[in-house]
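Inspection log for the structure reproduced underneath, given as structure tokens.
Only the coordinates and a few stated rules stand behind these numbers; no lab work does. As the structure is a prediction and not an experimental result, all values here were calculated from the model.
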Amino acid sequence: MLLKVGELARHTGLTVRTLHHYDAIGLLAPSARSEAGYRLYGTADIGRLHAIQALRQLGLPLAEIGGLLGAESGSLPAIIARQIASLDQQIAQATALRERLGLLERRLAEGGQPDTKDWLATLAQMTAYGRYFSPAEIKSLMANWNTVADQWPPLVADVAALMARGVPADALEVQPLAFRWMNLMGQWMDGSFDLITRWGEMYRREPGVRRADGPPTELLDYIGEAIGLRMAALLRHLRTDNFARLGRPPEEEWRRLASELAALQARGVPPGDEAVQAIALDWVRLFDAFTCHDPALAERLMRAMAAEPVLQAASVVGPEVRGYLLQAIAVLRQKDPKPAPPPLDPDVA
């Protein structure tokens, strides 16, 4: 089947003038002519036209397309493969753009109708986020933020208060706040140290992402030094991949149990008493869940807590109550020995 130039133009959406131009520069010559001299295009011509248009969509100028079509890389299968790859890339970019626009839409909806300054600030923030995080990661961070937002201002205020008092960052007094900071970041970032690292890099390098009420960089340096001491202590006993296996520390439950233990100890109740044993059992179960039911990981945490004063400084129990708890757990294990070791303390992550 042969098509006249007008018919080919209608089928392809090109103009007759464009097809005449392709013929004039030797890029697409018709394979036949009618008796009246009209251009006629066959199947091979249509395939070559597809290749030309595909290469044009890939950004190649007409001057280069002719030479490329004469090479092996210019064969129709190769060109189609390149076109598919290009379309896949465009789809991925369009999908990412759509997700970011959706995030932007929700963010702006939370604050009402923005003025020009707000628009520019929001767009700058989204651009900065895109340099460090995928759209899916941004979506997760924004969703998780709602669960931790209320906890950050009092924590930042507590850290600022220590700084104002001149407490050195390496003082043990700072460690409880370092512990809270690490746990809150872990909750926000789904326990991913990679996300935490990238967020820290973005916060320092991209002033536009910082909220007006966000922590200043000097405060981050201060708490960062304290966290560094804590991490160094942990890494003397754990591997970095161990952290990903840890669950979220149930701080409120542990503090409640610690308070109950302290009250029982003050009354002189022996560790083997039924009430003390019940608390010890709850403690072991919470710790077992926290360490993903991994006895080896639990053992590493036990050794870390026993050996590192930096970790002990953030403990929910003091030395006396810890000893009382350990005695109760020892009695518990005598009654029902388990392969999983008893925890010395939960506050090590």
Which of rounded, prolate or oblate describes segment 147-290 when judged by the alpha-carbon gyration tensor and an a/c cut-off of 1.5? prolate
For C292, distant residues with modelled amide H under 5 Å away: G247
Would you kindly derive the ³J(HN,Hα) couplings of segment 240-245 from the backbone phi angles with the Karplus curve 6.51 cos²θ - 1.76 cosθ + 1.60 (θ = phi - 60°), listing them in order in whole Hz, with x for Gly and Pro? 4, 6, 5, 5, 5, 8
